[in-house]
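Read-outs: derived from the displayed coordinates by stated rules, not from any lab. Only a predicted model underlies this, so the values are computations on that prediction, with no experimental measurement involved. Here the Cβ positions follow ideal geometry from the backbone for every residue, glycine too, while neighbour counts run over all protein chains shown.
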């Protein structure tokens, strides 16, 4: 009786293993492929300029923090030049996580400054997948940031899914493919109607306001 139970249990375990390994084998990936590392795209090149009321902000420290789902924070620091320009190179890592079953690949991207003890976001977004997203790269190559501007949550086009726009938060502004939806003033939040900063509604009271 015990032998039969042991045999049945062994067969069950083998069946479960086959169920989980077959999809990978059928796509040309063996079990040992789970441990192989793939290149994971964390960020494209970053080029930007920081001003304050239109005047260049020199010697300002800019921090880029990139975190994949492995929880490791990849931090780079740049300093603005006399014209307020800053730059970060493209960043990738190698990881075996993308080979795991049910891996939800995403990268948390934060580019921030802290000019007067206040943390200001130049770019806060979540990059989905392990390959470059052209729409993200385009935004990161043309960052125009003025310290006098307020933080905004905005949408921009997603060419892979026209029904689900990309989203980011920043004090920076873009001339193209930039639709602000929320603007922040201290602890207050205002809905930007039709992407027009002159048409604001308090997010919590529904009252129209002017900033």
Residue 116 versus residue 202: modelled label distance in nm, points set 7 Å from Cα along the beta carbon direction: 2.6
Rounded FRET efficiency, nearest 0.05, which uses the C-beta distance separating residue 104 from residue 163 and R0 of 22 Å: 0.65
Cα-only radius of gyration and Dmax that characterise region 38-145, units Å: 14.9, 51
Ascending count of other beta-carbon atoms within 10 Å, so fewest first, for 87, 178, 68: 87, 178, 68
Extension gain (nm, one decimal) between residue 141 and residue 189, 0.36 nm per residue minus Cα-Cα: 14.5 nm
Computed lengthening from residue 73 to residue 94, 0.36 nm per intervening residue step minus Cα-Cα distance: 6.2 nm
Mean Cα-pair separation over length for region 50-93, i.e. relative contact order, pairs under 8 Å, 6 or more apart, %: 40
Contact order normalised by residue count of region 38-145, Cα under 8 Å, 6+ apart, percent: 37
